[in-house]
Structure formats: structure tokens, C-alpha cells
Amino acid sequence: MERTMPQTKPRVVIIGAGFGGLEAAKTLGREPVEITLIDRQNYHCFQPLLYQVATAALSPADVAWPIRHILRQQKNATVLMTEVKGIDLVARIVSTEAGPFSFDFLVIATGARNSYFGHDHWAEVAPGLKRIEDATRIRRNILSAFEEAEIAREDSERKRLLTFVIIGGGPTGVEMAGAIAEIARQTLARDFRRIDPRAARIVLIEGGPRLLPTFSAQHSSYARDTLAAMGVDVMTSSPVHECDGGGVDLPGGRIEAGSIIWAAGVMASPAAQWLSAEHDRGGRVVVCPDLSLQGFKDIFVIGDTASVKDASGRPVPGLASAAKQMGKYVGKLIAARVAGQSLPPFRYRHEGSLATIGRRAAVVELGPIQLKGFIGWMFWSAVHIYFLIGLRNRFVVAITWLWSYVTFKRGARLITEVPPIVHDQ
Ligand SMILES: Cc1cc2nc3c(=O)[nH]c(=O)nc-3n(C[C@H](O)[C@H](O)[C@H](O)COP(=O)(O)OP(=O)(O)OC[C@H]3O[C@@H](n4cnc5c(N)ncnc54)[C@H](O)[C@@H]3O)c2cc1C
């Protein structure tokens, strides 16, 4: 049975409480609309710090907050935890596991998922980093590798277990490689008796010619040199041919590895299939300049699920700040429409690119401001603490980082149950 809310205000259904969906809901906070915010999880995840959960620096609760709590004071918003399965554009109904919901305005902000470029079976052996479950799985793999190496009887097996391969040289790959190098060389250096964790091999593999391809060439080589100084083997122009439980195959031969981490590609959520809409190669729905779906002016697609161009004709990147800008714009546009007004098209403003390389270095590109090294890392840390939600999390993360910086320790070194791999439809 279709569920209709007993009210006459326009019904706004927002799917996804990530950066885009949450911003849209907050922007509509004082407007005369009834918002239903649907997410399959009960928490909003701060993905930029997920790698710190995967590498035992932070705990899951430090980078995620209950959506219900974030919107507790927003009286016009109802939060529902259920998974969306489809959208009926004509009947204006969202189908979920909990039944259908009708809408006057619809905002689709369902983000992105890992893409294995047609090799979906690699997901089993090379987990990507999109969700909290992925991060705790990777943490388990990394920490278990050291434990298993301590028990291993054969040198060759010990060597394989202590080889960590990260595929993808973008910000996440660079961050993961730097953090695993620190775990091996510093955090665990004295914790084992039969193995020397410092002997671990960390290999960062990039298919293209350089690391951090969206950053300047200068920052890209800085990242490479910094990682090399931390003992990371960086291999560029090395497309992976095959991945299995024992290692990876490259044009130059095979690397036997105990842990493989996928940081090479994402594709949009399946919204384009729900909508039978035109999409780009990454599965992002091609939207109009006001972020609405072609032919449906009250249905919007935002964030990592939308394909939209900036003023100079370049695709808007899949970044948290872009998703937030789109969420804010759509919130304002819906409010304007409800008031019988209109708004000019969406304009993306690039707020900069940041990537950290271990605990003392980062690269920062904010227009004319270009930082690297320790000053870049200080800036990176301040920005991430500022954008975290909630005073408690800001405080906990700041103190945890300070403590790790002084002591080299990582407090969240727990090996927990392996969650099942989630295959997004
Ligand atoms: C590891 C990692 C590191 C990153 N680092 C940075 C960084 O340093 N800086 C930066 O700017 N960006 C970074 N990003 C990118 C940034 O996180 C994304 O661009 C941003 O999260 C996109 O926001 P969104 O609202 O489109 O989607 P998301 O934030 O991904 O939110 C999507 C939401 O939709 C929900 N959802 C999905 N499908 C369904 C469904 N069928 N039914 C119900 N709910 C559903 C999900 O549960 C989720 O809550 C990083 C991303 C990752 C994965």
C-alpha cells in the first residue's frame, strides 16, 4: 500500500543522507515542506576519513553520526532507514524495501560505489573503501596479515603475507599506502617476536603515468618522493591484469601479496537504471543546468550520482564539497519553486584539492594557495576537523591525532568479524 503523509505541504523525498542529501535537507529546514529523508544506513559517513578507520587510527564512530540525531531538531524532516529499489516517474513514487512513498519533489543523492572495470570478481580479494564495513574489513585484513605472518612457518609465505598491494594512485591510494607504511615501520615495529614488521613491503600501483593525477605535476612527484622515503614501492604505468587471493598480475610480472586494497575506481549508484536516464561512462545521470532530470523539473539528481559541467565545461568532480554545493542549491531551488519563484542555474565553485601522505606531509591546492609538507598536513588536519559533524567527534579526532602524532600509536587495532561483501545493485 502506498504511504501518503497526512498533510498538504509539498512532499520532498530525499534519497541518501550523504554530503549532498543531508545538505539539501538542512537547507530546507525552515521551509514549508514535509521532508522524508531515506537512507539504507542509520548514519552519515564522513568518507574522507574512512582510510583512517581502515588503518586503525580512528574508530568507526569517530567518522559517522546517526542521521536521526543530526536532524533531531528539524521538525519538518522525517528520517527513514530503508533501501530504495526503484522509482516510478509517472506515478511519482519511490519504491523501497518498506513500501512505496509518493513525492512532489524528489532529490536523488545516492552517491557512488566501487567499480572494478568489468572485473567484479576482484571485489572478493581486493576490497574497496566506500563504507564503514569496507574499512573494518580492510583493517582486519591488514592486522591479520601481521598475525598470520608471526605464525607462518615458511619464509615465502611470511614474505607474501607481509606484502600489501594498493591499486590506484589517487588520494585514497596515496593515503592508504602512507598509513600502512607507518603501521609497519612505526606502530607495530616492536610488537612482534618472530617477524620484523618493518620488513613489510608496501606497493602502490597506478595504471596511469603519475600519482595524484588531478593534482599538479609538482605535487604528484612530491607525493611519489615522500612515499618512497617512507619505504613504499610506487609503480606507475602499471595496469593490473588480474587479481586473486594470492597476489596481482602486472605487465612486468606477478606480485605475491597477502593483502590487496582497491582504490582505483568508482561508478555512480544505479539511479540511472531506476530512472532509465541518459548517463555518462561512470553511470552518472546527465542532468539539466538546474540539476533536474531531463523532462522532470521536480526530480533532481545530485552529488556523485550526477553528471554536470562547471562554467568552463569540465565535469564537476566527485568531491564532498561539490555534493554539498549541489545539495544546497537544490534545497534553495525547491524552496524558491514552492514560493512561486525561480533560481539561475547551478554554478560549481571549486574549493580545492587536498591529500595527505602519512602523518607529517600533505599536498594542498586551493587556487593560488599551494602547500605541501608539514604545513600542508597541518592545514589538511584543520580542514578535516572543521568539517566533521559534532563537537564530540572534533574533539576526539583532534586528541587522537595529537596522541598518535606524539606516540606513533594507533588505538583502534581491533580484528573484528568479517562483514559480508555488499554488492550494490
Ligand atoms: C575513501 C574516500 C575518500 C574520499 N576523500 C575525499 C576527500 O578527501 N575530499 C572530498 O571532497 N571528497 C572525498 N571523497 C568523495 C566524497 O566522499 C564524495 O564525493 C561524497 O561523499 C559524495 O556525496 P553524495 O551525497 O553524492 O554521496 P554519499 O556521501 O556517498 O552518500 C550517499 C548516501 O546514499 C545512501 N544510499 C545509497 N544507495 C541507497 C539506496 N538504494 N537506498 C537508500 N540509501 C542509499 C548511502 O547509504 C549514503 O548514505 C572520498 C570518497 C571516498 C570513498
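Checked across segment 262-270, the condition of being farther than 22 Å from Thr96 by Cβ, without any contact (Cβ under 8 Å) to a residue 60 or more places away in the chain and outside any helix (DSSP H, G or I) holds for no residue. Which one is nearest to the ligand (Cβ to nearest atom) among residues in segment 302-314 that are touching a Lys or Arg at 6+ places or on another chain (Cβ under 8 Å) and modelled with pLDDT of 95 or more? If we take residues in segment 302-314 being touching a Lys or Arg at 6+ places or on another chain (Cβ under 8 Å) and modelled with pLDDT of 95 or more, then Asp304 is nearest to the ligand (Cβ to nearest atom). Contact map, segment 338-352: residues that are closer than 25 Å to Val33 by Cα paired with residues that are modelled with pLDDT under 95, Cβ distance under 7 Å, separation 6+ or inter-chain. Pairs shown: Arg347/Ala311. Looking only at residues in segment 271-296 that are assigned to a strand (DSSP E or B) and touching a helix residue (DSSP H, G or I) at 6+ places or on another chain (Cβ under 8 Å), the one that is nearest to the ligand (Cβ to nearest atom) is Val285.
The rows are residues; the columns are (1) aliphatic (A, V, I, L, M); (2) farther than 24 Å from Leu293 by Cα; (3) in contact with an Asp or Glu (Cβ under 8 Å, 6 or more places away or on another chain); (4) at pLDDT 95 or above.
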| position | (1), (2), (3), (4) |
| --- | --- |
| Arg30 | no, yes, no, yes |
| Thr36 | no, no, no, yes |
| Gln41 | no, yes, no, yes |
| Asn76 | no, yes, yes, yes |
| Met81 | yes, yes, yes, yes |
| Lys85 | no, no, yes, yes |
| Ala91 | yes, no, no, yes |
| Thr96 | no, no, yes, yes |
| Phe101 | no, no, yes, yes |
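Listed here are the residues, each with its yes/no results for (1) within 11 Å of the ligand (Cβ to nearest atom); (2) not hydroxyl-bearing (Ser, Thr, Tyr).
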| residue | (1), (2) |
| --- | --- |
| Pro100 | no, yes |
| Phe105 | no, yes |
| Ala109 | yes, yes |
| Asn114 | yes, yes |
| Arg131 | yes, yes |
| Ser144 | no, no |
| Arg158 | no, yes |
| Ile166 | no, yes |
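Restricted to segment 24-46, and to residues there that are within 13 Å of the ligand (Cβ to nearest atom) and under 11 Å from Val107 (Cα atoms), the residue that is farthest from the chain's Cα centre (by Cα) is Thr36.
Taken as a whole, the structure places Leu80 among residues that are within 15 Å of the ligand (Cβ to nearest atom) and more than 24 Å from Ser321 (Cα to Cα). In segment 326-354, the qualifying residues are those that are within 16 Å of the ligand (Cβ to nearest atom) and over 21 Å from Asn76 (Cα atoms), and the one that is surrounded by the fewest Cβ atoms within 10 Å (Cβ to Cβ) is Arg349. The criterion of at least 2 residues that are free of Cβ contacts under 8 Å to residues at least 40 places away in the same chain and surrounded by fewer than 20 Cβ atoms within 10 Å (Cβ to Cβ) is met, among helices (runs of 4 or more DSSP H) falling completely within segment 139-256, by 155-161, 217-229. Can you name the residue in segment 355-400 that is of a type in the set (Phe, Trp, Tyr), over 23 Å from Gln218 (Cβ atoms) and without any contact (Cβ under 8 Å) to a residue 24 or more places away in the chain and is also farthest from the ligand (Cβ to nearest atom) among such residues? Within segment 355-400, the match that is farthest from the ligand (Cβ to nearest atom) is Phe395. Residue count for segment 350-366, restricted to those that are within 12 Å of Ala320 (Cα to Cα) and more than 19 Å from the chain's Cα centre (by Cα): 0.
The values are calculated or read from the model by the stated rules, or taken from the named source; none is laboratory data. Since this is a predicted model, take the numbers as computed values, not measurements. Glycine also receives a Cβ, built like all others from the backbone with ideal geometry; neighbour counts cover every protein chain displayed.
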